[in-house]
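Here's the structure, in C-alpha cells; my notes come after.
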Amino acid sequence: MAERVVLAYSGGLDTSVAVRWMIENMGVEVVCLSGDLGQEGSMEANREKALGAGAIAYEQLDLREEFARDYVAPMIKMNALYEKQYPLVSALSRPLIVKKQVEMARRYNADALAHGCTGKGNDQVRFEVSAMALAPDLELLAPVRNWGFTREDSIRYAQEHGIPVDATKEKLYSIDDNLWGRAIECGEMEDPWAEPPDGVWQMTKLTAEGEREVVVGFSKGVPVSIDGKTMSLYEVIIEMNRIVGAYGWGRIDMVENRRVGIKSRETYEAPGALALMMAHEDLESITLERDLQREKTRLEPRYSELVYDGLWFSPLKEALDAFVDSSQEHVTGEVRLKLVPRRCIVTGRRAEKSLYDYGLATYDAADRFRHADSEGFVRLWGLSVQTWSDTQGPGSRDWENEPGEA
Ligand code: ARG
C-alpha cells in the first residue's frame, strides 16, 4: 500500500478533489507537482489550492525550454503527425511531467505517482506507461478513474471539504494546451457532423490583414531563426504561434482513434507547429537523399503512433530517435512561408548542402547528365514487365479491351 504519492496537479477541479480524496480514501500523503509547459492561464493560485486541499508539499516547475528542446524538437525532425493530422500536443507533455514526477518521488521518498485522468482517454496510458518505463517500482494511482464521481459530485465534494475551486457546473469543453498547441474536446463537438463553434478558437483568431512572408531558418532539422533573427526553439515556437495564428490558420478538425479503442472527434489549433513542420518537411526535399527521404517518410507515422500510444520511453522510440538524428545532419537552410488570411504556403527553400542541382534539373543545359545513358537505363528498367507482357498472350489484359468488354 502506498504511503506517499506525487500527484501531477493541474489546479483544476479533478486534481484538487483528488488530493483530498486520496488522503481520505487511500490514507496517503500527497505531494503536488505543477509544470509550466506554456499553457494559457495562470498557475499562481495552484500552491494555495494544493495546500488548501491537504497536500503536504507543492512544487512548480518551469519546463518550457526543456519541453521545446527535448520533446518538441524531435517532433519537428520527424514531421510527427498522428493519423496524418494531429501534432501530438497532449501526448508530448505527459512523458515530461512523469519524468519530473519520478524525480520528485525520489526526493520526497514517495512510493507512488498519481494523475487525474479518466478511464476513457489516452492521457492515463501515457502517464502510466511512461512511469512503468522510468520507475517500475512505483505504484500508480488513478483516483479520478476509480471514484465514479460526476462533475456535480466533484463540485459538491469540493464544497463539503472546503477545497477552493473556481469550477462551475457547466464546463463546456475539455481543453489541454501547451506551447505546441491546444486541444479542444466535448460540448457540441461530440457530434462529428456539427461544425466547431467560433468560440472554441483561441490561437487562430483571424486578426491580420493583407499578406506577409516569414523565413524560418533550420540547423540540423531544428528551427533556429525567424527572418534571420536567431532565437531559442522555445522562442521560435511562441513567435510562430503569434505570427501564423493571426492569419487564422492552423486548425484541425478530425475523428481520431484513441489507444483505448474509441473514435473521438477532436479539434486542435497548432499554428506554429503546423507551419514549422510544413517548412521542415519542405527543407528535407532538397537536403535528404532520395532513399533516405523515402524511408524516413515511412517511419514517420510509426513514430507518431508510438508517441500517441504512450511509448515515449521505449526501445523502438529510442532507436528511431537515433535514426532521425542521423538523417538530419544536413537539414540546414531556410524556408520561406507566405501567409494570407486562412492560408499558409511554402514559396521557397534554400540550403548550403542542397541536393537540388540546377544543371541536372533544367532541360536545356549541357552538363554531366548524358542523355544517351537513359536509353539503356530505360530498356533495362522496363525489361521485366516487357518479358511478362510477352507471356500473357493477345487480348488477355483488360487494357487491351474496349471499355465495357469482358
Ligand atoms: N486527443 C488528444 C490526445 O489524445 C488530446 C487529449 C487532450 N486531453 C485532454 N485532457 N483534454 O492526445
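The values are calculated or read from the model by the stated rules, or taken from the named source; none is laboratory data. Only a predicted model underlies this, so the values are computations on that prediction, with no experimental measurement involved. Cβ: placed from backbone, ideal geometry, glycine included. Neighbour counts: every protein chain shown. Note: areas computed on protein heavy atoms with side chains; ligands, DNA, RNA excluded. Shrake-Rupley method; radii C 1.70, N 1.55, O 1.52, S 1.80 Å.
Quick notes on this structure:
- Sparsely packed loop sites in region 176-235 (the trypsin sites (Lys or Arg not before Pro) outside DSSP H, G, I, E and B with at most 13 other Cβ atoms within 10 Å) comprise 205.
- Shape of region 165-246, Cα gyration tensor, a/c cut at 1.5: prolate
- Chymotrypsin sites (Phe, Trp or Tyr not before Pro) restricted to DSSP loop in region 1-93 with at most 10 other C-beta within 10 Å: none
- Cα centroid separation - region 193-268 against region 6-79, whole Å: 25
- Among 99, 263, 296, residue whose mean-square fluctuation peaks in a GNM of the chain (springs only between Cα atoms under 10 Å): 263
- Where a label projected 7 Å from the Cα of residue 260 along Cα→Cβ would reach, residues of region 66-92 with amide N under 20 Å: 83, 88-92
- For region 292-367, radius of gyration divided by Kirkwood radius, i.e. Rg to Rh on alpha-carbons: 1.11
- Residue-span extension gain [residue 40 to residue 396] - 0.36 nm each, minus C-alpha spacing: 121.6 nm
- With eigenvalues of the C-alpha gyration tensor scaled by 5 and rooted, region 58-184, Å: 27, 21, 14
- Considered as an equivalent ellipsoid built on the Cα gyration tensor, the chain has semi-axes of 48, 25, 22 Å, the largest given first.
- Principal-axis tilt of helix 233-245 within the chain, Cα atoms, nearest 10 degrees: 80
- Per residue accessible area of region 31-146, 1.4 Å probe, in Å²: 39
- Helix content alone sets the calculated 222 nm mean residue ellipticity of the chain: runs of n ≥ 4 DSSP H residues at -39500 (n - 2.57) each, divided across all residues, give -12500 deg cm²/dmol.
- Among 107, 302, 350, residue whose mean-square fluctuation peaks in a GNM of the chain (springs only between Cα atoms under 10 Å): 107
- Charged-residue dipole, Cβ positions (Lys, Arg, Asp, Glu), the chain about Cα centre, Debye nearest 20: 460
- Under 5 Å from the amide H of residue 231 lie the amide H atoms of 225, 226, each residue being 5 or more positions distant or on a separate chain, with H modelled from the backbone and absent for Pro and chain starts.
- Result for the chain in a Gaussian network model with C-alpha springs under 10 Å: among 35, 395, 27, the largest mean-square fluctuation is at 395.
- In degrees, nearest ten, helix 13-26 long axis to first principal axis of the chain (Cα): 60
- Compared with the alpha-carbon gap, the fully stretched path from residue 299 to residue 206 is longer by 30.0 nm at 0.36 nm per residue.
- Sites matching GluC sites (Glu not before Pro) across region 132-207 that sit in DSSP coil, with at most 13 neighbouring C-beta atoms within 10 Å: 170
- In terms of distances greater than 22 angstrom between alpha carbons, the cross-link table entries 77/353; 229/317; 77/296; 77/317; 120/171 yield 229/317.
- Crossing angle, helix 271-287 versus the chain [Cα axis fit, 0-90 degrees, rounded to tens]: 30
- Per-q log10 I(q)/I(0), region 134-279, q = 0.09 Å⁻¹ (Debye; single scatterer per alpha-carbon; no solvent): -0.45
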